[in-house]
1. Which ranges mark the strands (runs of 3 or more DSSP E) fully within the chain that have 3 or more residues being of a type outside the set (A, V, I, L, M, F, W, C)?
2. Select from the range 1-17 the residues that are without any contact (Cβ under 8 Å) to a residue 40 or more places away in the chain and closer than 21 Å to Asn68 by Cα and list them in ascending order.
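Only the coordinates and a few stated rules stand behind these numbers; no lab work does. Source: prediction; values computed, not measured. So basically every Cβ, Gly included, is an ideal-geometry build from the backbone, and we count neighbours across all protein chains shown.
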Amino acid sequence: MNNWYLLYSTKNMVEASILQGMLAENQIPVHVLNKLDSSYPIIGEIELYVPVHLKEIAQTLIHQSLLN
């Protein structure tokens, strides 16, 4: 994933899904990598990756989304 940037990580699947949908609505491709342990969901995180060339736009959208 050399051309992808780790934009956000969370332990909350609902939060990750909402942010993924918001980015997709703004035509920003998103890869979601679920690293949560299936037996112990408090271990690990869900990571959202976006293309490196779109990271500034994605960061702005995430920031605006989290403030609301």
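1. Hits in the chain: 4-10, 46-51.
2. Matches in the range 1-17: Ser9, Thr10, Lys11, Asn12, Met13, Val14, Glu15, Ala16, Ser17.
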